[in-house]
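The values are calculated or read from the model by the stated rules, or taken from the named source; none is laboratory data. This is a predicted model, so every value here is computed, not measured. Don't worry about glycine lacking a Cβ; one is built from the backbone with ideal geometry, like all the others, and counts go over all protein chains shown. All accessible areas refer to the heavy atoms of the entire protein, side chains included, with ligands and DNA or RNA removed. Shrake-Rupley method; radii C 1.70, N 1.55, O 1.52, S 1.80 Å.
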Amino acid sequence: MTQSLAKHSVGVVQPQCIKFQKPLTLACGLQLPNYELMVETYGELNAAKDNAILICHALSGDHHAAGLHSPQDKKPGWWDHYIGPGKPIDTARFFVVSINNLGGCNGSTGPSSIDPATGQPWGSRFPHLRVRDWVHSQARLADYLGIDQWAAVIGGSLGGMQAMRWSLEYPERLRHCIVIASAMKLTAQNIAFNQTARQAIMSDPEFHQGDYLLHNTLPAQGLAIARMIGHITYLSDHGMGKKFGRDLRSGSFTQGKNELVKFQIESYLEYQGDSFAKSFDANTYILMTRALDYFDLAREYNHDPVAAFELARAKFLVLSFNSDWRFAPERSAEIVTALIKANRDVVYGEIESPHGHDAFLIPQQPRYWDIFKNYMATIEVSN
Amino acid sequence: MRIDHEITQSWVKPKSRVLDLGCGDGSLLKSLMQSKQIQGYGVEINSDNILSCIRNQVNVIEQDVDAGLDNFSDKSFDTVIMSQAIQALLHPEKVLEEMLRVGQQCIVTFPNFGHWKARWHLAYVGRMPVSDLLPYEWYNTPNIHFCTFRDFEILCKNMNIDILNRQVTSDNRFSSILNKFRPNLFGETALYRLTKN
């Protein structure tokens, strides 16, 4: 890592596992008797405890949002481009809390954890979670950390859904709500993509109805295909074309030559799928995509998002990317329209980007950076 | 404070909802928030202006006004403002109609193309007017739909729009005396307060 990069990095970070002994009643009616959450923090909590920011991760994210786990680590956290000293989520000003959600597979209690009641992995019996379950568990984390009110709750995609739910469930507990590339509910097409991905996992012979760990196996092939499907939808046609075009990885079309042709995009997707299947849990993937599908911001508000947002007290920043067709700018515009009708404060930017849904993670997008950084700079915190 | 902003402020009720189309750097909304405690929203497409609004802590929505105001419901704002922007629109009459649908009242301000300097420029120099106020050549100007005060009032009449107030401003005291008699010749900027039922 170069000197200039190191200056803007949070450096080496240590995740911590926090145990919660009080049972958590879930939206589905079931109860988790106790649970653990993996958490990383960056920056310092100030004396007034008013500079804390909660990062809510998306489908495949975890608590490791910034910095490195060791000096030799090659890959920093998933949002390292935007969290650190001098970055939009400036750790010189803010105390940043990043969490692996309940149901995750990176240390927080989830389907691959051991169910204390049976001594076996939860597997298929792990409860279906909804976004509000995460929000309630995050509120308990805030209590544990002594944070009464977040300066901001921030999330992209599924993380944006958590941020919005926060603004309705705990309106007094956040001053700013930052919703990036998200939606108040998924469209039928969007659910269809998720279902196809789930079917890829569930039709893998190694899936065993979700109890693959009991059979000492993994539905790796199914999970890899699920990831490929997802990955295609997170990129834009244009962006993919620009990066891969019709370039060949191997073989040729020379007449008279009987060679198997493989396109670059094929091997790229295979690589993405395989490496994901090695590091992620299939049941968690199913759980997260279901939580996405189930989310409907205004369901409990008579399907009226205006009535829902009238309960919110936070100021909102909503951002979308023009090439994002999975969480299209129209979905963000719907959020903004409801917020305006509900008389809430809101800034909305539609950012031009070739990177599709993944744009919210990708560096070197000056307009995204400028809006994000300038907005964050307006958030007031005590010295 | 800019004189046109001052007049606009006097037409806005305290604690009302205000939508500012083409809100620029948000300075008008900011002063309205401070002096009248309004709940304001700006609409902009220029990215530098959007950043300025964010720095000014003004609500700003990135949206092309020419594409319509479908996302705003009927009479959902007390005042809809369009300050020095109507001449840059592709569809001024459609946007005007939309403004009057969304707002109880509308405030529209624009530069007068019938001002004597513009007339003189066209009549004697034989070229499209270029001035301090309108410093563009015909081929690069963002101002594509010029009108005079008289033109605008004819449009209002045709669209059954009620003109509640008109204020005309000019650059110096001499002109401001003259524009009392011949506003369409001596007024530089007009502010109209409009409504439609």
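With contacts taken as Cα pairs under 8 Å and at least 6 residues apart, chain A reaches a relative contact order of 17 percent. Sorting the Cα pairs of chain A by distance into bins of 10 Å, from 0 upward, gives 5, 23, 33, 26, 10, 2, 1, 0 percent per bin. Backbone amide hydrogens, once placed in the peptide plane, bring A:Asn46 within less than 5 Å of A:Asn51, excluding anything fewer than 5 places away on its chain. Probing with 1.4 Å while keeping every protein chain in the model, the per residue accessible area of the stretch B:40-197 equals 51 Å². The mean sequence distance of close C-alpha pairs (under 8 Å, at least 6 residues apart), as a share of the length of chain B, puts its relative contact order at 19 percent.
Using a probe of 1.4 angstrom, how much of the accessible area of the stretch A:196-287 is carbon and sulfur, in percent? Percent of accessible area from carbon and sulfur atoms in the stretch A:196-287: 52. Per-residue ellipticity at 222 nm, computed for chain A from helices alone with -39500 (n - 2.57) per DSSP H run of at least four residues, works out to -10500 deg cm²/dmol.
The simple Förster model, with R0 at 51 Å and r as the Cβ-Cβ distance, assigns B:Lys13 and A:Thr187 a FRET efficiency of 0.80. Partner shielding of A:350-358 amounts to 1, given as the average count of beta-carbon atoms from other chains within 10 Å of each residue beta-carbon.
With Cα atoms defining each centre, the stretch A:280-301 and the stretch B:76-129 are spaced 49 Å apart in the structure. Averaged over residues, the count of other Cβ atoms within 10 Å places the peptides A:134-145, A:219-230 in the sequence A:219-230, A:134-145, highest first. Cross-link partners of A:Lys7 among lysines, defined as those whose alpha carbon lies under 27 angstrom from its own and excluding same-chain residues fewer than eight positions apart: A:Lys49, A:Lys74, A:Lys75, A:Lys87, A:Lys373.
Taking a ≥ b ≥ c as the square roots of the eigenvalues of the alpha carbon gyration tensor, the stretch A:1-98 is prolate, as a/c is not under 1.5 and a/b beats b/c.
With R₀ fixed at 35 Å, the C-beta to C-beta distance from A:Ala27 to B:Ser73 puts the FRET efficiency at about 0.65.
Converting phi to 3J(HN,Hα) with the Karplus coefficients 6.51, -1.76 and 1.60 and the offset θ = phi - 60°, the stretch B:135-151 yields x, 10, 7, 4, 8, 10, 6, x, 8, 10, 10, 7, 8, 9, 4, 5, 4 Hz in sequence order, with x at every glycine or proline. Roughly speaking, what % of Cα-Cα pairs in the stretch A:196-287 are separated by over 18 Å, rounded to a whole number? Looking at the stretch A:196-287, the distances longer than 18 Å represent 52 percent of pairs. Label zone (B:Arg55, point 7 Å along Cα-to-C-beta; backbone nitrogen cut-off 18 Å) within the stretch B:14-28: B:23-28. Taking all protein chains into account, the per residue accessible area for the stretch A:196-287 stands at 57 Å² (1.4 Å probe). If R0 is taken as 45 Å, the Cβ-Cβ distance between A:Ser250 and A:Lys7 corresponds to a FRET efficiency of 0.60.
Remark: spin-label model distance A:Gln120-A:Ile232 equals 3.6 nm, labels positioned 7 Å along the Cα→Cβ axis. In straight-distance terms, cross-link reach from A:Lys243 covers every one of the lysines whose alpha-carbon lies under 19 Å from its own, apart from those fewer than eight places away in the same chain; here that gives A:Lys262.
Amide H contacts of A:Phe263: A:Arg249, each under 5 Å away and 5 or more positions distant or on a separate chain (H built 1.01 Å from N in the peptide plane; Pro and chain starts excluded).
The phi-based Karplus calculation (6.51 cos²θ - 1.76 cosθ + 1.60; θ = phi - 60°) puts the 3J(HN,Hα) values of the stretch B:12-18 at 9, 7, x, 6, 9, 9, 10 Hz, whole numbers, x for Gly and Pro.
Peptide A:341-349 has a mean shielding of 5, counted as Cβ atoms of other protein chains within 10 Å of each residue's Cβ.
Once A binds B, the 1.4 Å probe can no longer reach about 1600 Å² of accessible area, counting both sides. Between the stretch A:63-113 and the stretch A:173-244, what's the alpha-carbon centroid distance in Å? So the separation of the two Cα centres works out to 21 Å.
Looking at chain A alone, DSSP beta bridges between its own residues are antiparallel in about 35 percent of cases. Suppose only helical runs count, i.e. DSSP H with n ≥ 4. What mean residue ellipticity at 222 nm does that imply for chain B under -39500 (n - 2.57) per run, divided by all residues and rounded to the nearest 500 deg cm²/dmol? Rounded to the nearest 500, it is -9000 deg cm²/dmol. Farthest towards the positive end of the charge dipole of the stretch A:196-287, among the residues A:Ala277, A:Gly222, A:Thr254, is the Cα of A:Thr254, using unit charges on the Cβ of Lys, Arg, Asp and Glu. Computed from Cα positions, the angle between helix B:27-36 and the longest principal axis of chain B comes to roughly 60 degrees. Remark: mean inter-chain Cβ contacts per residue of B:47-56 equal 4, using a 10 Å Cβ-Cβ cutoff to other protein chain atoms. Volume per residue of the convex hull around the Cα atoms, evaluated for the stretch B:62-172, comes out as 126 Å³. Couplings 3J(HN,Hα) for the stretch A:300-314, derived from phi with the Karplus relation 6.51 cos²θ - 1.76 cosθ + 1.60 (θ = phi - 60°), are 7, 10, 6, 6, 10, x, 5, 4, 5, 5, 4, 7, 6, 10, 6 Hz, where x marks Gly and Pro.
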